[in-house]
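Here is the structure we will look at.
The values are calculated or read from the model by the stated rules, or taken from the named source; none is laboratory data. The structure displayed is predicted, hence computed values, not measured ones. All Cβ positions, glycine included, derive from the backbone under ideal geometry; neighbour counts span all protein chains shown. The protein model used for the area step is the full one, side chains on, heavy atoms only, and it has no ligands, DNA or RNA in it. Shrake-Rupley method; radii C 1.70, N 1.55, O 1.52, S 1.80 Å.
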Amino acid sequence: MTRERLYLYDTTLRDGQQTPGVDFSLEDKRVIALMLDELGLDYIEGGYPGANPTDSAFFVEPPPLKATFTAFGMTKRPGRSAANDPGLQDLLRAGGKAVCFVAKAWDYHVRVALGISNEDNLEALRESVEAACAAGKEVLVDCEHFFDGWKSNPDYAGACARTAREAGARWVVLCDTNGGTLPHEIEEIVRDVSGIVPGSHLGIHAHNDIEQAVANSLAAVRAGVRHIQGTLNGIGERCGNANLVSIIPTLLLKQAYAERFETGIASDKLATLTHVSRAFDELLNRAPNRQAPFVGESAFTTKAGIHASAIAKAPETYEHVPPETVGNRRRVLVSDQAGKSNLLAELQRIGFSVDRNDRRLDALLVEIKEREAEGYAYEAADASFELLARRRLGTVPNFFAVEGFRVMVEHRHNALGELVTVSEAIVKLKVDGESLMSAGEGNGPVNALDHALRKDLGRYSAYIEDLELVDYKVRILNGGTGATTRVLIESRDGKGQRWFTVGVSPNIVDASFQALIDSVVYKLLKEGAKAAA
Ligand SMILES: [Zn+2]
């Protein structure tokens, strides 16, 4: 059976940019567009040329893309012709093969927001689409508030869709702009609309205000649309847009869609999806959502011991798709509840095959439980877990020894007479039998220790040049000033690898130092640094 083609349209760079706190630079836009193109999206909406200098500059020199690079913009203003509307003419002159117009499809908005007649709105739509077609563009029309408009006045919403298609639009995109429509309503309305514009020319643009944007996009496909708009990781205004990172694997891996449709995304590209999703978060400088479907750190993670032994025997017992298909991995948490199966599975993942009856395994399990009782959290600190296991199983080289450290925090007046708090740290290490002492300053004691530690690691210094601390979390475990402190540190290197380490002590500086040292040793281990003499 030949499968029908579904077209995927990414609006991360335009609608996604409406996310509070997100503001892409020109370079960000270039990198993201290339990333989306590599993945295999059909359309990449670059932005709204003319609306801001970044978007205008982006369209002057678009990156080389296989996808159809698309400019977003308004239809012509009422009261003047398309030829005499400078905004529209700029849009048609902008780079890119396609133009996506936004048009109001709810008569209430036409009256209240635009203050024009229903007929004038249709006329502006028709003339703009015709002008863009005449300029050689592929034309899309995002019918704003389509579903709310249809509920209040189906004749008018339908007339907007018909006008767009008759004027030459390749795609008439039905938007759930307020994001409050339910999947069964989307399905019913799309079925009705496909009597006006065939599904082969209809698209869906869903917002996520009731967490149904993905479900709504799929409902629209069932009812006939063949074009889906969404964003990476579902970013967007308010609660976001339809999440392409969930839609793509659903279309490719779930039989109901996979047997009926094909997309531009090849299965080897699907296997890069986890990387794309996390690299995108990296660019936004935010921690990836651990519970994100398909690509989250926890998406294929199991905690309880009984599940872990079942997973080791037959992964499909607890997995709806194989994690590798989307580039994710199976993870079995080492935690208080874990039995030996968990531990074995985790060791296997980090490249250890240990015999189930190896006595060292029992000792390691006991040690993990003891340490977790003291406050260590290995679930959240993969790298510290790996170091602990490798140490007990004898495969961590001795790189350097810490002979001691000292930290001073001083609150004093500076030369300008202002009160400042400064921190200084001294770290003493032994590398290859030689004692090294370094001092560092920082805005706090941990920062000062970090600077002092990195300043001179002897022959290991080169290995940690690209090591960067990205996050630092402190948890007080049992109240009061005599409490135990747990410090979690997230590190990153130049290759984009991230790892977590943990330290526990009644002293916050000591706990931080343990986590810092683990991070450095882990990095040396990953780099394959040789043991000290
Ligand atoms: Zn939108």
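Does the range 125-146 contain at least one residue that is in contact (Cβ under 8 Å) with a residue 12 or more places away in the chain, assigned to a helix (DSSP H, G or I) and within 21 Å of H207 (Cα to Cα)? Yes - at least one qualifying residue is present in the range 125-146. Just so you know, in the range 202-245 the residues that are open to solvent by less than 10 Å² (accessible area, probe 1.4 Å), within 20 Å of L270 (Cβ to Cβ) and not in a strand (DSSP E or B) include one that is nearest to the ligand (Cβ to nearest atom), and it is A242.
Restricting attention to the range 181-201, and to residues there that are in a helix (DSSP H, G or I) and open to solvent by less than 10 Å² (accessible area, probe 1.4 Å), which single residue is nearest to the ligand (Cβ to nearest atom)?
Only one residue tops the list, namely I186.
Beta carbons closer than 7 Å, at least 6 apart along the sequence or on distinct chains, pair a first residue in the range 192-208 that is over 16 Å from L8 (Cβ atoms) with a second that is of a type outside the set (A, V, I, L, M, F, W, C) and surrounded by 24 or more Cβ atoms within 10 Å (Cβ to Cβ) for H207/D176; H207/T177; H207/G236; H207/N241; N208/G234; N208/N241.
Contact annotation: residue pairs with Cβ atoms under 8 Å, 6 or more positions apart or on different chains, pairing a residue in the range 1-25 that is among the hydroxyl-bearing types (S, T, Y) with a partner that is at pLDDT below 95 and surrounded by fewer than 22 Cβ atoms within 10 Å (Cβ to Cβ), are S25/T54. Could you tell me which residue of the range 1-34 is nearest to the ligand (Cβ to nearest atom), considering only residues that are assigned to a strand (DSSP E or B) and more than 21 Å from F101 (Cα to Cα)? Applying the filter and picking the extreme gives R5.
Test D37 against the criterion of being in a helix (DSSP H, G or I) and in contact with a Lys or Arg (Cβ under 7 Å, 6 or more places away or on another chain), and give yes or no.
Against the criterion (in a helix (DSSP H, G or I) and in contact with a Lys or Arg (Cβ under 7 Å, 6 or more places away or on another chain)), D37 qualifies.
Across the range 141-180, the number of residues qualifying as in contact with a His (Cβ under 9 Å, 6 or more places away or on another chain), within 13 Å of the ligand (Cβ to nearest atom) and open to solvent by less than 20 Å² (accessible area, probe 1.4 Å) comes to 9. Residue-level check: of (1) open to solvent by less than 20 Å² (accessible area, probe 1.4 Å); (2) out of contact with any Gly (no Cβ under 7 Å at 6 or more places or on another chain), R5 misses just (1). Scanning the range 201-216 for residues that are among the polar types (S, T, N, Q) and touching a Ser or Thr at 6+ places or on another chain (Cβ under 9 Å) gives Q212, N216. For the range 476-491, indicate whether the set of residues that are surrounded by fewer than 18 Cβ atoms within 10 Å (Cβ to Cβ) and charged (D, E, K, R) is non-empty. Within the range 476-491, not a single residue is surrounded by fewer than 18 Cβ atoms within 10 Å (Cβ to Cβ) and charged (D, E, K, R).
Contact annotation: residue pairs with Cβ atoms under 7 Å, 6 or more positions apart or on different chains, pairing a residue in the range 269-285 that is farther than 14 Å from G234 by Cα with a partner that is part of a helix (DSSP H, G or I) and of a type in the set (S, T, N, Q), are L270/T325; A271/T325.
Annotation note: of E316, E324, E297, the sole residue that is part of a loop (DSSP other than H, G, I, E, B) and not aromatic (F, W, Y) is E297. Checking each residue in the range 13-63 for being of a type in the set (G, A, S) and closer than 19 Å to N243 by Cβ picks out G16, G21, A33, G40.
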